[in-house]
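See structure below.
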There are 4 protein chains.
Amino acid sequence: MSGSIEIAGDQLRAIIERIEQVEEEIKELTDAKKEIYMEAKGNGFDVKILREVIRMRKQDPAERDEQASLLDVYLQAINGASPAGKKAA
Amino acid sequence: MSGSIEIAGDQLRAIIERIEQVEEEIKELTDAKKEIYMEAKGNGFDVKILREVIRMRKQDPAERDEQASLLDVYLQAINGASPAGKKAA
Amino acid sequence: MSGSIEIAGDQLRAIIERIEQVEEEIKELTDAKKEIYMEAKGNGFDVKILREVIRMRKQDPAERDEQASLLDVYLQAINGASPAGKKAA
Amino acid sequence: MSGSIEIAGDQLRAIIERIEQVEEEIKELTDAKKEIYMEAKGNGFDVKILREVIRMRKQDPAERDEQASLLDVYLQAINGASPAGKKAA
DNA sequence: CACTGGAAAATGCCGC
DNA sequence: GCGGCATTTTCCAGTG
């Protein structure tokens with residue numbers, strides 16, 4: 001009766017503790033990351049650009065180019081839309 | 001003609017303008033909100049605490065539900081796999 | 001005695017309600033914005049790029065160029081660092 | 001020499017590599033966390049509810065404090081401008 | 001005037 | 001493949 005619940009309860013507790021443990025470790029690393037950024041900032045680096053560099057390195061080059069050209073397409077589409085009839089210039 | 005490049009320039013413009021319009025309105029309201037806080041501050045209220053009160057009021061309804069069903073939640077978690085009162089399957 | 005508290009209480013309530021009212025309106029507009037993006041997506045536009053276009057339009061050109069060139073500086077600094085002794089090439 | 005352009009390339013590289021290293025470790029832990037959830041799911045637990053339980057446990061201590069001092073908070077808000085028991089100033 | 005903390009936005013992920 | 005959720009990132013106001 002209370003048997004299967006007890007067992008599940010123990011299991012549940014174990015799961016929760018494991019997850020909380022891992023989350024704790026993640027938090028430590030996240031803090032470490034922040035510190036590195038802060039240190040970099042202290043050395044005169046621009047944190048925002050730094051993040052962008054890291055983001056770029058994560059992305060594969062093909063994908064990057066594709067996004068860049070799509071952006072160009074959009075920008076040109078905006079400029080080339082209706083204003084001043086340069087439609088097919 | 002420029003063909004595949006000229007992708008719906010007019011449509012794109014329309015979308016962008018609509019979004020920018022909405023963002024403009026949001027900005028106005030955000031400013032109004034700030035003004036209310038400032039006015040409150042001028043009347044001797046502590047803005048930080050005011051924000052906290054509002055935050056709590058937002059969370060409270062949700063919180064109440066969660067609190068009320070905490071035990072249920074645990075019980076469900078323990079045998080969440082049997083959805084529909086399959087007691088002991 | 002309870003006098004000044006009462007008055008302040010009314011005032012407090014009024015402030016809170018005004019803010020909550022404004023926040024409600026902001027939420028509606030935010031939802032509207034989301035819908036526009038979703039509609040655009042339904043028409044084949046890339047939401048992420050769309051967001052970038054809008055972000056770019058908000059930023060003044062000078063600032064934009066500055067960021068872009070700083071990014072270049074960083075990227076070149078990475079490539080030109082130690083590897084393969086091209087230090088002063 | 002390239003002068004002002006060659007801005008601390010080595011330093012920059014070191015920073016980036018450190019960050020990427022830490023992010024790698026975070027990713028491993030994140031994956032571990034996911035695995036725990038998956039394992040739990042395999043044992044009949046409802047992942048969504050599990051997440052909720054963990055979230056509540058995180059919020060609970062803070063929540064308790066906030067709840068306990070709600071009245072205080074309101075009272076402070078009402079005369080927050082007099083910090084240090086200036087009774088009726 | 002840079003730092004800190006908190007609100008708002010954006011991105012990525014997971015399940016359906 | 002899409003919509004919703006959770007995390008992460010960015011922005012901004014207050015503060016020393």
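To one decimal in nm, how far is residue B:62 from the same spot in the other copies, if labels go 7 Å from Cα toward Cβ? Please give the shortest first.
1.2, 4.0, 4.2
Say each of residue C:38 and residue D:57 gets a label point 7 Å from the Cα, pointing the same way as Cα to Cβ; how far apart are those two points in nm?
Once both label points are built, they end up 3.5 nm from each other.
What area, in nm² and to one decimal, does the C-alpha convex hull of segment B:12-60 cast on average over all directions?
Numbers: hull surface 17.8 nm².
If you wrap the Cα atoms of segment B:12-60 in a convex hull and average its projections, you get 4.5 nm².
Smallest Cβ-to-axis distance in chain B, for the rotation taking B to D: which residue, how many Å?
Whole-Å result, nearest residue of chain B to the axis: B:63, 3.
Averaged over its residues, how many other protein chain Cβ atoms are within 10 Å of peptide A:10-18's Cβ atoms?
Whole-number average of other-chain Cβ neighbours for A:10-18 is 4.
Between residue A:46 and the same site in the other copies, what are the distances in nm, shortest first, taking label points 7 Å from Cα along the C-beta direction?
2.4, 4.0, 5.0
Quick one: Karplus J couplings for segment C:12-21, per residue in order, coefficients 6.51, -1.76, 1.60, θ = phi - 60°, nearest Hz, x for Gly and Pro?
For segment C:12-21, the Karplus curve yields 4, 4, 4, 4, 4, 5, 4, 5, 4, 4 Hz.
Which percent of Cα pairs goes in each bin when the distances of chain C are cut into 10 angstrom slices starting at zero?
In order of increasing distance, the bins hold 13, 18, 18, 19, 14, 11, 5, 2, 0 percent.
Please return the longest stretch of chain C lacking exposed loop sites, where trypsin sites (Lys or Arg not before Pro) count only if DSSP places them in a loop and at most 16 other Cβ atoms lie within 10 Å. Walk me through the intermediate numbers first.
Numbers: sites that count: C:86, C:87.
Between the exposed loop sites, the longest stretch runs C:1-85.
A short reminder: the numbers here are calculations on the coordinates, not readings from a lab. All values derive from a computational prediction rather than experimental measurement. Every residue, glycine among them, receives a Cβ derived from its backbone with ideal geometry; neighbour counts consider all protein chains shown.
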